[in-house]
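Bear in mind that the values in this text are calculations on the coordinates, not laboratory data. Computed from a predicted structure; not experimentally measured. With ideal geometry, Cβ positions are generated from the backbone for all residues, glycine too; neighbour counts draw on all protein chains shown.
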Amino acid sequence: MSSYPFQEVESKWRLHWDEIGLFKARFDGSRKKFYCLDMFPYPSGELHAGHGRNYILGDTIARMKIIQGLDVLRPMGWDAFGLPAENAAIERNIHPVEWTRSNIAQMKREFRQWGTCFDWEREVSTCDPHYYKWTQWLFLRLMRAGLAYRAEAAVNWCPQCGTVLANEQVIGGACERCESTVSQKKLEQWFFRITAYAQELLDGLDDLREWPEKVKVMQRNWIGRSEGVDIDFPLQSGGKLSCFTSRHDTIYGATYMVLAAEHPLLDEIMESGSNKELRDFVARERRQSLARRWEPAQEKIGVFTGRYAVNPMTGAEIPVWVANYVLFEYGTGAVMAVPAHDQRDFEFARKYSLEVKEVILPPGKEPGGELSEAYEGEGVLVDSGPFSGLPSEEAREKIASYMEEKGTGKRALRYKLRDWLVSRQRYWGTPIPVVYCNKCSVVPVPESELPVILPEDVEFDPTGKSPLLEREDFLNASCHECGGKARRETDTLDTFVDSSWYYLRYPTPREDARPFDRDLVNRWLPVDLYIGGVEHAILHLMYSRFITKALRDMGYLDFGEPFGHLFTQGMICMNGAKMSKSKGNVVTNEYLVGRYGADTARVYTLFIGPPQRDAEWTEKGVEGAHRFLGRIWNQVVAYCAEADVAPSDKHGAFAPEQTALRRKVHQTIKKVSQDLENFHHNTAVSALMEMSNEIGNYTRGVTGRGSDPALREAVTTFVRLLCPMAPHIAEELWQRLGGKRSVFLEPWPSWDDEALKQDSYLLVIQVNGKLRARLTVPQEIPEDELQAMARAEARVAAQLKGKSVSHIIHVPGKILNFVTE
């Protein structure tokens, strides 16, 4: 048998697909649309097998939809701005532009090698002025709508990278990129007012029925809606401390107060006193990164401020502390500490010997006894004045009403979600389109002057200041309102802004007069299938939802959710760790395609395991997939050598073995069709492997099958089912089978329910749960005849001899079990 010439075949068919425009969406409204989108990648260079899972999964679905006759939009682009490119360029002493463009060219070539069905005419790159012009337009529209604003804020600052970091970019108090220690710094920053959509973002999750529940839970927790009470605690020295709590049923157990290091009361205390310990602690904490202080595992430490507050419900004086586990960015920067019912407060109280007062009893517990940990659940109130004996929920309602009546508190609604900080002190990003005028303050650049071009001839070493400050021709501008001198903004936009709207650009990527064609976008969106890693569950997906809703409210979109069906694939691992260049455990696409071919890489990627779970990559598995394709090649080539040139559709009654083969064919059609729709790619491949074995068994040792209609149906159907997963070999075999056009222009096979029917089935016979026989029985056999057949089997009869059968367990189509006394 000949070996499969994959290199020749794959290059031939990739060229053919381009020539016939197979992957171009028609946009004429004549067919049902299917917008299939992968999260676009950062252009890092070489692709590897770990990347493949994301793109090959979507590619298989998109190809199946093409065959099913849908108008498929499957674009690709590049999330090209941001720190990684700049840092890599610094390390290699080349410009980010050169580095990025080189990587894009490399990755685009490798995407083509995989045989992906991207429509490259729709390619976008976020660092292209034709794209970021409209990112700047988006900024200005948000500014006009009151959703973009500038304010001073404490931020995570990486001195090595010279930029602000989001909390998620700070790992263990260090920058995730360079591992330098991160500190806090106050800077004037640009924000998007995502909090204006907090409730709608939360409510909308209920309508996203085709999103993984784990992603929706992560977003709900990030938004963090809390209903509670704003409570005023009078200070003994005058004034008051206000705090928000959703557990006001525990207020009788509040035994101290805790302030964040940035709370303004601390400045007042430090100005009026000489507590060196307090000064040192506050100074040290204010230098810490926000992310480091929010880490739950860190040791909780603090200092007594010397001040006391009064619990408004008990009248007791309680000490006021400053501690590292309260953040000023959340709530008011002050919390009432209830150590018996909050674990963080409990650990702190134990460390500093503060009072622990139990006021909520869990079901079945008696008052008293030393606590080993905080009880944070619901229960019945004790030692809570007139509210003792009430269940938590009822107590919260009555305590809130009491506080409002007495003027010590007020019902309130709070969210953990904070406005989106979008400015970065780096060069390689979208310039923010505003200027600063001494007379007119902040002035937006007119839309007619967009894009504000990012200069390419700059020094971009991280210095703590934007390198654009060195470019006088960029920095110096004119005010668009008064005509006077102005200074251009030198911060650039967070790359999440670039990726928050790119899915809207793909339908009309060359549009020059507007960011997108409204009618086409409203026809193609929302995206029907969006595929990407769960690591983007919060930031990218949340920001994209916000931008979509904001544009809808501005009148540009008719929909409020960008992605209908979200699928988050598992990671590909090797040697027990995620496949990653930094870990040195990658299998490059260049190696895979060069040695085994793209179809082998595709089939093994799909077969390796359930796509939503992590999977371990092995060379042995790749070799197995390659052998499978080689076997298919030989089977079909051998069949073609015997097949009739012009097979007839006419045939007589099928023989039993033909009927059995046809049954397997139609079972496989049904299973592969349903498995691909339900993201069970691995079992779809497995079903094709079984069908290949069935064809092999049918033809083994037999010649002259070329005119066999059942075999022809099996072989041609097999190739058509294979084509979304291994498109190159399927195209070649289809042509050899006599196909006159691309297999992707043929209809998707449909199963015949009549062909699925079986006249008989295999039934397992047990006695007391142990296998004793297997019987082939007719489908419609009466129960008494079935039992008689089973009893007549020699091994069954021997086991039942002299015994009384107490009952019989019959699972139709599977098991008949005699249970004896």
Using Cα pairs closer than 8 Å and at least 6 residues apart in sequence, work out the relative contact order for the chain, in percent.
14 percent
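With Cβ to Cβ distances under 15 Å as the rule, what net charge do the other residues near Asn682 carry (K, R +1; D, E -1)?
Numbers: positive: Arg53, Arg602, Arg613, Lys671; negative: Asp614, Glu616, Asp675, Glu677, Glu690.
Its environment carries a net charge of -1.
Taking the Cβ of Arg414 as the center, what net charge do the other residues with Cβ under 13 Å away carry, scoring Lys and Arg +1 and Asp and Glu -1? Don't skip to the answer; put the middle values down first.
Details: positive: Arg225, Arg247, Lys410, Arg411, Lys416, Arg418; negative: Glu227, Asp230, Glu329.
Around Arg414, the surrounding residues sum to +3.
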Based on DSSP H assignment, which helices of the chain show an axial Cα extent of at least 18 Å together with a mean Kyte-Doolittle hydropathy greater than or equal to -0.5?
49-67, 539-553, 619-642, 681-699, 709-722
So, over other residues within a Cβ distance under 15 Å of Lys216, counting Lys, Arg +1 and Asp, Glu -1, the net charge is -2
Find the Rg to Rh ratio for segment 225-415, where Rh is the Kirkwood radius over alpha-carbon pairs and Rg uses the same atoms.
0.96
Dimensions (Å) - the chain, Cα atoms, principal axes, largest first:
103, 84, 47
How about Lys12: which aspartates and glutamates have a C-alpha closer than 12 Å to its C-alpha, ignoring those fewer than 8 places off in the same chain?
Glu731, Glu732
With -39,500 (n - 2.57) per DSSP H segment of 4 or more residues and division by the full residue count of the chain, the 222 nm estimate, nearest 500 deg cm²/dmol, is -11500 deg cm²/dmol
Taking the Cα centroid of segment 663-678 and of segment 100-178, what is the distance between the two, rounded to the nearest whole Å?
41 Å
May I ask for the distance between the Cα centers of segment 361-386 and segment 738-765, given as a whole number of Å?
64 Å
Taking the highest mean first, how do the peptides 490-498, 199-207, 82-90, 97-105 order by number of other beta carbon atoms within 10 angstrom per residue?
490-498, 82-90, 97-105, 199-207
Just grab the label-to-label distance for Asn275 and Lys801, each label 7 Å out from Cα along the Cβ direction, in nm (one decimal).
9.4 nm
Between Ser372 and Asn522, what is the spin-label point distance in nm, taking each point 7 Å from the Cα along the Cα→C-beta axis?
6.3 nm
Per-q log10 I(q)/I(0), segment 19-177, q = 0.15, 0.17 Å⁻¹ (Debye; single scatterer per alpha-carbon; no solvent):
-1.02, -1.16
Förster radius 51 Å - calculated FRET efficiency between Glu329 and Asn634, Cβ distance, rounded to 0.05:
0.20
Stretched fully, the stretch from Arg287 through Ser183 gains (0.36 nm per residue minus C-alpha distance, one decimal, in nm) 36.9 nm
Gained length - Ala151 relative to Glu91, 0.36 nm times residue gap less alpha-carbon distance:
18.3 nm
Can you list the aspartates and glutamates whose alpha carbon is less than 18 Å from that of Lys814, not counting same-chain residues fewer than 8 positions off?
Asp759, Glu780, Glu783, Asp784, Glu785, Glu793
At q = 0.14, 0.21 1/Å the base-10 log of I(q)/I(0) from the Debye formula over the alpha-carbon atoms of segment 170-218 is -0.70, -0.84
Just want to confirm a number: the relative contact order over segment 760-820, from Cα pairs under 8 angstrom separated by 6+ residues, in percent.
41 percent
Name the aspartates and glutamates eligible as straight-distance cross-link partners of Lys410: C-alpha to C-alpha under 15 Å, and not fewer than 8 places from it in the same chain.
Glu227, Asp230, Asp232, Asp249, Glu397
Too-long pairs where the Cα-Cα distance tops 27 Å, listed order kept, from Lys24/Lys581; Lys133/Lys485; Lys32/Lys578; Lys357/Lys406; Lys583/Lys620; Lys186/Lys214
Lys24/Lys581; Lys32/Lys578; Lys186/Lys214
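Mind ranking 601-611, 124-134 by how tightly packed they are, going by the mean number of other C-beta atoms within 10 angstrom, highest first? Present the calculation step by step, with values, prior to reporting the outcome.
Details: 601-611: 24.2, 124-134: 20.5.
Ranked by mean Cβ neighbours within 10 Å, highest first: 601-611, 124-134.
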Among the listed pairs Lys33/Lys65; Lys108/Lys549; Lys216/Lys549; Lys65/Lys670, which are separated by more than 21 Å between their Cα atoms?
Lys108/Lys549
Mean projection area, nm², convex hull over Cα of segment 7-68:
5.8 nm²
Could you tell me the center-to-center distance, by alpha carbons, between segment 470-512 and segment 247-290 in angstrom?
40 Å
Order the peptides 6-13, 509-516 from the highest to the lowest mean number of other Cβ atoms within 10 Å of their residues.
6-13, 509-516
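Using r as the Cβ-Cβ distance of Tyr591 and Gln199, and R0 as 60 Å, what FRET efficiency do you calculate, to the nearest 0.05?
Details: r = 50 Å, r/R0 = 0.84.
The pair Tyr591/Gln199 has a calculated efficiency of 0.75.
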